[in-house]
Amino acid sequence: METPPTITPEEETWELRLYVAGQTVKSVTALANLKSYCEQHLKGRYKLEVIDLLQHPQLAAGDQILAIPTLVRKVPAPIRKIIGDLSNQERVLVGLDIRVVESK
Amino acid sequence: MQDLMTSSASLGPQLPKTPTGIDGLDEITEGGLPKGRPTLVCGSAGCGKTLMGVEFLVRGIQQYNEPGVLMAFEETADELAANVTSLGFDLQTLQGQGQLRIDHVHVDRSEIEETGEYDLEGLFIRLGYAIDSIGAKRVVLDTIEALFSGFPNQAVLRSEIRRLFRWLKDKGVTTIITAERGEGSLTRQGLEEYVSDCVILLDNRVIEQITTRRLRIVKYRGSTHGTNEYPYLITEDGISVLPVTSLKLAHEVSDEIVSSGVPALDAMFGRHGFYKGSSVLITGTAGTAKTTLAASFAHAVCSTGKRCAFFAFEESPQQLVRNMRSVGLDLAPFIEQGLLHVEASRPTLNGLEKHLVTLHRLVKEFKPDAVVIDPISNLITVGNISEVRSMLTRLIDFLKISNITALFTSLISGRNIQQEMTEEGVSSLVDTWISVRDLEGVGERNRGVSILKARGMAHSNQVREFVVTNQGVQLLDVVIGPTGIVTGASRLTQQMQEQAQALASQQELERKDREIERKRRVLEATIANLRTEFESVEEELRQINHEELVRQQKLADTRRQIAGTASAE
């Protein structure tokens with residue numbers, strides 16, 4: 001039983017941004033979920049930036065944020081967006097295009 | 001301001017309204033959209049929903065100093081700006097001045113993955129930020145339905161949209177939400193159930209190959225409003241709704257008189273002309289000099305230094321000028337002086353409303369004292385009778401309110417000449433109705449003019465014959481023959497007969513004069529004769545008398561001598 005190795009499109013540092021609005025349940029959940037996935041699959045190769053729109057509302061337009069919480073993958077291209085509290089791990093991984101090699 | 005306050009207070013509390021600044025819309029809504037509340041504008045593609053939203057914002061900034069936010073879900077800021085440049089709206093400058101903010105919201109389903117719970121707080125934050133950053137009073141959401149294609153979770157979306165509208169109300173911004181027309185419902189996504197204050201429906205209809213856009217206020221909570229369908233146009237200056245039908249007949253009237261341009265025709269009216277601001281209709285069959293009469297009127301108006309707008313639906317300006325010059329009416333100097341404006345177009349060029357708007361614009365820009373439309377019957381080719389009638393009603397009302405004398409000509413077909421009714425049914429709307437017609441006699445046609453009605457002044461009942469000479473229209477004197485008024489060649493015959501009769505009676509008169517003279521002379525001769533006779537008799541008698549006197553003297557002398565002799569002895 002070994003940890004499933006992950007294959008990323010390119011071996012580069014991932015840039016992730018999570019947009020939240022205050023410390024709501026959804027935001028906190030999303031952040032916790034995201035951190036656990038990253039630690040699991042992108043350990044050491046990611047940068048996570050959390051933007052609270054209540055403090056920086058002017059940043060919402062840049063990434064076309066409508067829904068909260070929204071996770072934006074800036075790098076690697078193309079930009080991808082995932083909305084919701086990220087509770088569905090499979091869909092988050094598919095959405096972020098983190099391919100998990102099945103080896104159970 | 002004080003008066004305004006007290007007058008509105010006396011009417012009771014009124015729903016506060018935000019004027020849109022859109023031509024005509026504020027009249028229908030009796031002041032504008034509900035202030036601080038959302039209004040739904042729905043319609044099918046190509047109705048001008050976005051334009052109405054943009055115009056609402058631009059007018060708000062320019063006329064009411066209310067900054068606005070446009071949240072565009074379909075077009076980018078640059079696209080929007082480019083689209084409305086042709087209407088003279090400079091969105092970029094307004095944005096630069098910090099009075100307008102355009103936020104393009106891009107929603108793409110393919111870019112978005114949905115995992116778990118979310119809400120649309122981001123949209124609220126963006127909108128809130130945009131509103132607060134410029135202190136916006138007006139917001140347009142165009143078209144919020146685009147969200148439905150971006151977010152699959154309808155339950156969340158609907159509750160969020162409901163929350164959004166509530167939130168906008170709490171913010172106190174007047175909002176226009178545009179939505180696509182749905183089948184069987186006002187909007188495709190049923191947004192009308194969230195917006196309950198004011199719903200405006202735009203419609204684009206093609207009838208007999210002519211497109212007419214119409215606007216209707218479906219509901220307006222807490223306010224009365226016009227309930228009809230109102231045609232509207234997208235013109236060079238933006239949207240123009242036509243509510244111009246005056247509901248009240250309360251226009252000012254003038255006591256001034258305007259000449260018809262034909263002195264003898266003026267003389268047929270009790271006050272020698274038309275009232276200023278009245279509407280005059282000239283009806284007649286083809287070739288009865290309607291246009292000439294109309295041009296005479298225009299000429300008369302311009303001669304007094306007033307302005308006249310001439311709408312020619314049959315002739316080009318040059319043609320009109322040339323033709324009228326041939327009858328002694330030179331319009332060219334007035335055109336050069338800017339007193340006369342000839343607007344010539346084929347009626348089929350535009351829809352009716354477009355014509356009406358053109359006229360409105362011209363009246364506003366040119367400020368004429370009189371308007372001539374030649375002829376209104378041609379407009380029937382553009383719309384159906386009821387549309388034409390309602391347009392003409394609006395037109396006449398508009399001109400009356402502006403105190404502009406209006407003269408219309410109308411062609412009536414030969415068959416209907418007896419009933420003397422214009423197809424458009426405007427005869428009841430006009431104040432003065434002049435009928436020109438053919439008087440067909442033995443082998444010739446003559447033109448006759450009569451006044452069918454003239455509100456508010458006495459007028460002649462006669463049918464006067466007139467001729468179009470190279471000095472303009474001239475009415476001929478009434479000639480009454482054995483069987484009534486005679487015209488044309490019979491008029492000449494009648495006149496010749498009358499002349500012969502007059503000559504004969506003149507001669508008779510002269511003959512009698514001469515007879516009297518003769519008699520007088522005979523009498524005078526006789527008198528002279530008698531006087532001579534008398535003189536000779538008198539002479540004779542005087543002679544006798546004298547002789548007698550002398551004889552008696554002598555006798556006395558003799559007697560004295562005799563007596564003397566006797567005494568001496």
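The values are calculated or read from the model by the stated rules, or taken from the named source; none is laboratory data. The structure displayed is predicted, hence computed values, not measured ones. All Cβ positions, glycine included, derive from the backbone under ideal geometry; neighbour counts span all protein chains shown. Calculation scope for accessible area: heavy atoms of the full protein, side chains included, ligands and nucleic acids excluded. Shrake-Rupley method; radii C 1.70, N 1.55, O 1.52, S 1.80 Å.
Observations on the model:
- Scanning the stretch B:399-427 for residues that are open to solvent by 30 Å² or more (accessible area, probe 1.4 Å) and either modelled with pLDDT of 75 or more or not assigned by TED's automatic domain parsing to the domain that holds B:THR285 (or both) yields B:ILE401, B:SER402, B:ASN403, B:LEU411.
- B:LEU168 being in the same structural domain as B:PHE73 (by TED's automatic domain parsing) and open to solvent by less than 20 Å² (accessible area, probe 1.4 Å): yes
- Filter pass, B:GLY116 being out of contact with any helix residue (DSSP H, G or I) (no Cβ under 6 Å at 6 or more places or on another chain), open to solvent by 30 Å² or more (accessible area, probe 1.4 Å) and not β-branched (Val, Ile, Thr): yes
- The stretch B:85-106, subset crowded, with 18+ Cβ neighbours inside 10 Å and out of contact with any strand residue (DSSP E or B) (no Cβ under 7 Å at 6 or more places or on another chain), residue nearest to the other protein chains (Cβ to nearest Cβ): B:GLN99
- Qualifying residue in the stretch B:58-73 (condition: touching a strand residue (DSSP E or B) at 6+ places or on another chain (Cβ under 7 Å), in the same structural domain as B:LEU168 (by TED's automatic domain parsing) and free of Cβ contacts under 8 Å to residues at least 24 places away in the same chain): no
- Residue match in the stretch A:74-91 (condition: outside any loop (DSSP other than H, G, I, E, B), more than 9 Å from chain B (Cβ to nearest Cβ), open to solvent by less than 50 Å² (accessible area, probe 1.4 Å) and modelled with pLDDT of 85 or more): no
- Taken together, the criteria place B:GLY222 among residues that are open to solvent by 60 Å² or more (accessible area, probe 1.4 Å) and at pLDDT 80 or above.
- Unique residue being in contact (Cβ under 8 Å) with a residue 24 or more places away in the chain and out of contact with any Lys or Arg (no Cβ under 7 Å at 6 or more places or on another chain) when the list is B:PRO263, B:PRO317: B:PRO317
- When B:GLU75, B:GLU113 are screened for being out of contact with any Ser or Thr (no Cβ under 6 Å at 6 or more places or on another chain) and within 11 Å of chain A (Cβ to nearest Cβ), only B:GLU113 passes.
- Test: residue in the stretch B:303-316 that is open to solvent by less than 10 Å² (accessible area, probe 1.4 Å), assigned by TED's automatic domain parsing to the domain that holds B:PHE408 and charged (D, E, K, R): no
- Test: residue in the stretch B:203-217 that is under 18 Å from B:MET52 (Cα atoms), part of a strand (DSSP E or B), among the hydroxyl-bearing types (Ser, Thr, Tyr) and under 36 Å from the mean Cα position of the chain (by Cα): yes
- Filtered residue count, the stretch B:195-215, keeping only those that are in contact with a helix residue (DSSP H, G or I) (Cβ under 9 Å, 6 or more places away or on another chain) and either at pLDDT 80 or above or not assigned by TED's automatic domain parsing to the domain that holds B:LEU168 (or both): 6
- Qualifying residues in the stretch B:369-380 (those that are open to solvent by less than 20 Å² (accessible area, probe 1.4 Å) and over 10 Å from the mean Cα position of the chain (by Cα)) - the one farthest from B:THR292 (Cα to Cα): B:LEU379
- Qualifying residue in the stretch B:442-452 (condition: within 28 Å of B:ASN378 (Cβ to Cβ), modelled with pLDDT of 80 or more and charged (D, E, K, R)): yes
- All conditions in (1) assigned to a helix (DSSP H, G or I); (2) open to solvent by 50 Å² or more (accessible area, probe 1.4 Å) hold for B:ARG271, with the sole exception of (1).
- Matching residues in the stretch B:126-151 - criterion: being facing chain A (nearest Cβ under 8 Å), crowded, with 24+ Cβ neighbours inside 10 Å and either among the aliphatic types (A, V, I, L, M) or out of contact with any Asp or Glu (no Cβ under 7 Å at 6 or more places or on another chain) (or both): none
- A:GLU39 farther than 24 Å from B:ARG109 by Cα and modelled with pLDDT under 80: no
- Scope the stretch A:9-49; condition more than 28 Å from B:ILE125 (Cβ to Cβ) and part of a helix (DSSP H, G or I); matching residues: A:GLU39, A:GLN40, A:HIS41
- B:LEU541 vs. criteria part of a helix (DSSP H, G or I) and within 60 Å of the chain's Cα centre (by Cα): no
- Candidate set from the stretch A:55-65 (those that are among the hydrophobic types (A, V, I, L, M, F, W, C) and open to solvent by 10 Å² or more (accessible area, probe 1.4 Å)); member that is farthest from the other protein chains (Cβ to nearest Cβ): A:LEU59
- Residue in the stretch B:127-147 that is at pLDDT below 90, in the same structural domain as B:ILE217 (by TED's automatic domain parsing) and over 46 Å from the mean Cα position of the chain (by Cα) present: yes
- Being charged (D, E, K, R) and closer than 22 Å to B:CYS42 by Cβ holds for only one residue in B:GLU117, B:GLU160, and it is B:GLU160.
- Any hit, the stretch A:34-52, residues being facing another protein chain (nearest Cβ under 8 Å), within 26 Å of B:ILE161 (Cα to Cα) and open to solvent by less than 30 Å² (accessible area, probe 1.4 Å): no
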